[in-house]
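Trainee: Take a look at this one; I'll ask things after.
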Amino acid sequence: MALKALDIYKVLPKKNCKECGDPTCLTFAMKLAQGKADVDLCPYLDESARQVLGASTRPPIQRARVGVGERRVTCGEEFVFYRHEKTFYHQPGIMYLISDQWQEDRIVSVCREVKDMRFTRIGMDLRVDGVAIKNDSGSIETFAKAVSAVESAAHLPEVLIAGNPAALEAGLGVCGSFRPLIHAATPDNYEAVCALAKKFGSPVVVKAPSVDALGELTRSCVAAGADKLFLDLSRDTPGEFLRDSTLVRKLAISRVAPELGYPVYCDATGGGTQQTALIAMTAKFGSVIVVEPLSLPDRTAELVLRQNIFTDPQKPIQITPGLYRVGNPGRDAPVFITVNFSLTYFTLQGYLEATRVPCFLLIVDTEGLSVLTAVAAGKFNESLVRDWIAKTGLSSEVDHKTLIIPGYAAPLSGRIEESTGWKVLVGPRDAAEVGELLEKEWPKNG
Ligand code: SF4
């Protein structure tokens, strides 16, 4: 059972010493209750308090990562069954299946597609995450060769799928330092596979014929030294997957069965249509999903679905602050400034493009708040504008010093002029009217 903030506070040392990074023990307790801090940050907890708090504040579904570096896939750390209860933290990683029986050029081509393909939607890059290499040949050498072909094409998060621990070891010999996910530890081979997981620091998938047997096997794997685990819930039909993944999630979230508190691995390639299985696994509750390489429409649909499910509705969607260009602006081009709320950015950018006047768009960091809210909350202010003009080197891009601010920021115009030394032109409240503004005021005010 998860503890509430006040229950946690009772156990803390109450020194208010700030060494945990929080100003008081109470704020630290609140963070612990939300799963946003680690008990180990407080150096004054005795062992019994550490154990009590550790067990009740740790995410009920443990974190595990596949791969290293910028593209690594983080899974687990989930606290809730429904997104509206809090949020879902990690979207599932989609892995394209590669057979070790394929020709090398086909392997390389799939890897390059995974490496290079991406598209941007609402300011976010959407892409497939990695590849899963399967030992269909049964040959250790062929498997190692296929893993080498993947490695020569790209360093991507990988899943190594083989029934024979010797084949897994050969694959790990090629890419072990990149922490691939090992598939799979079974009741028959778990000791050898867990030894490999320990040796290479890799996460490992646990596979057993039933949910009960999975729980038993995860305990054995932990005892054998492998603690970064995934549960294999691949099933013959999407319906069976939904049944078992729902059961496992409920038991894990309620902490009734901590031995099932691990991210879920699933294979969407077997049984039924792959697309139906993929949708079911993305919605509930796949963490790593293996699929046959997808067609462009299927890939787009899947990545958009995943984005929609795993975007937190409580957090405004933001774009990266900075200096953007609309068209090819010259040194006399107008400069607009606005907030980093995605909807504001895309609306304004669209209307600016329609004017066909090349211009600069300076986006400042208001934590995703809209103009009206950011002005009211003091997040859009003269110091912020001054700092972002300096950070982006705007002065070196243009020969004038005129800034067009949003209409809702009009009350700040005097303070912005004073703080930045730039002349302020107040823009319209409605982005649809920027064309009119430019027609009337530019370049005479530039
Ligand atoms: S380090 Fe521990 S004692 Fe100090 S403020 Fe944080 S929780 Fe309180």
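Trainee: In debye to the nearest 20, how big a dipole does the stretch 5-57 give about its Cα centre with +1 on each Lys and Arg Cβ and -1 on each Asp and Glu Cβ?
Mentor: Charge dipole, the stretch 5-57, about its Cα centre: 200 debye, nearest 20.
Trainee: Of 266, 245, 283, whose Cα points farthest to the positive end of the dipole of the stretch 210-290 (charges on the beta-carbon: +1 Lys, Arg; -1 Asp, Glu; origin at the Cα centre)?
Mentor: 283
Trainee: Past the 24 angstrom mark, what percentage of all C-alpha to C-alpha distances in the stretch 322-441 do you count?
Mentor: Counting pairs separated by more than 24 Å, the tail of P(r) holds 15 percent.
Trainee: Continuing with this model, one more query. Picking from 196, 361, 233, which is most flexible by a Gaussian network model of the chain using Cα springs under 10 Å?
Mentor: Comparing 196, 361, 233 in a Gaussian network model of the chain, the most mobile one is 361.
Trainee: Before anything else, pin down the relative contact order of the chain: Cα pairs under 8 Å, at least 6 apart, normalised by residue count, whole percent.
Mentor: In percent, rounded to a whole number, it is 11.
Trainee: Percent of Cα-Cα pairs per 10 Å bin, from 0 to the last occupied bin, for the stretch 1-135, please list those.
Mentor: Percent of Cα pairs in each bin: 11, 29, 24, 18, 14, 5, 0.
Trainee: So if I place +1 on the C-beta of Lys and Arg and -1 on the C-beta of Asp and Glu, and nothing else carries charge, what would the dipole magnitude of the stretch 325-400 be about its Cα centre? I want it in debye, nearest 20.
Mentor: 80 debye
Trainee: A follow-up question, please. Can you put 400, 183 in order, fewest other beta carbons within 10 Å first?
Mentor: 400, 183
Trainee: Still on this model: What value, in deg cm²/dmol to 500, does the helix sum -39500 (n - 2.57) over DSSP H runs of n ≥ 4 give at 222 nm once divided by the residues of the chain?
Mentor: It comes out at -12000 deg cm²/dmol, rounded to the nearest 500.
Trainee: Of the beta bridges DSSP finds with both residues in the chain, what % are antiparallel, to the nearest 5?
Mentor: In the chain, approximately 25 percent of DSSP beta bridges are antiparallel ones.
Trainee: On to the next question. Go through 328, 396, 108 and say which Cα lies farthest out towards the positive end of the charge dipole of the chain; charges sit on Cβ, +1 for Lys and Arg, -1 for Asp and Glu.
Mentor: 396
Trainee: Separate question: Between residue 17 and residue 82, what FRET efficiency follows from the Cβ-Cβ distance if R0 is 56 Å, with the result rounded to 0.05?
Mentor: With a Förster radius of 56 Å, E is 0.90.
Trainee: Could I ask something else about it? Can you return the lysines within cross-link range of residue 4? Criterion is Cα-Cα under 30 Å, with same-chain partners fewer than 8 residues away left out.
Mentor: 14, 15, 18, 31, 36, 86, 228, 250, 284, 315
Trainee: Same structure again: Projected onto the charge dipole of the chain (+1 at Lys/Arg Cβ, -1 at Asp/Glu Cβ, origin at the Cα centre), which of 17, 370, 233 gives the Cα projection farthest towards the positive end?
Mentor: Result: 17.
Trainee: Also, quick follow-up: Under a 10 Å cutoff between Cα atoms, tell me which one of 364, 264, 131 has the largest fluctuation in the Gaussian network model of the chain.
Mentor: Comparing 364, 264, 131 in a Gaussian network model of the chain, the most mobile one is 364.
Trainee: While we're looking at this one, here's another question. On average, how much area does the Cα convex hull of the stretch 64-310 cover when viewed from any direction, in nm²?
Mentor: Seen from a random direction, the Cα hull of the stretch 64-310 projects 12.2 nm² on average.
Trainee: Are there GluC sites (Glu not before Pro) in the stretch 56-119 that DSSP marks as loop and that have at most 10 other Cβ atoms within 10 Å, and which are they?
Mentor: Hits after loop and neighbour filter: 70.
Trainee: Relative to the Cα centre, what is the charge dipole magnitude of the chain, using +1 at the beta carbon of each Lys and Arg, -1 at the beta carbon of each Asp and Glu, and rounding to the nearest 20 debye?
Mentor: Around 1020 debye, computed over the chain.
Trainee: Going through the stretch 1-57, which chymotrypsin sites (Phe, Trp or Tyr not before Pro) have at most 13 other Cβ atoms within 10 Å and a DSSP loop state?
Mentor: Within the stretch 1-57, the qualifying chymotrypsin sites (Phe, Trp or Tyr not before Pro) (loop, at most 13 other Cβ atoms within 10 Å) are 44.
Trainee: Setting aside same-chain residues fewer than 8 positions from residue 401, which lysines have a Cα under 30 Å from its Cα?
Mentor: By straight Cα distance, residue 401 reaches 379, 391, 423, 440, 444.
Trainee: Scan the chain and hand back the longest stretch that contains none of the trypsin sites (Lys or Arg not before Pro) lying in DSSP loops with at most 10 other Cβ atoms within 10 Å.
Mentor: By the stated rule (loop sites, at most 10 other Cβ atoms within 10 Å), 37-330.
Trainee: Quick one, can you get me the convex hull of the C-alpha atoms of the chain expressed as volume per residue in Å³?
Mentor: Normalising the Cα hull of the chain by residue number yields 175 Å³.
Computed from the coordinates by the stated procedures, all read-outs in this text should not be read as laboratory data. Bear in mind that the values here come from a model prediction, so they are computed numbers and not experimental data. When we count neighbours, we look across all protein chains shown, and the Cβ atoms used for this are built from the backbone with ideal geometry, even at glycine.
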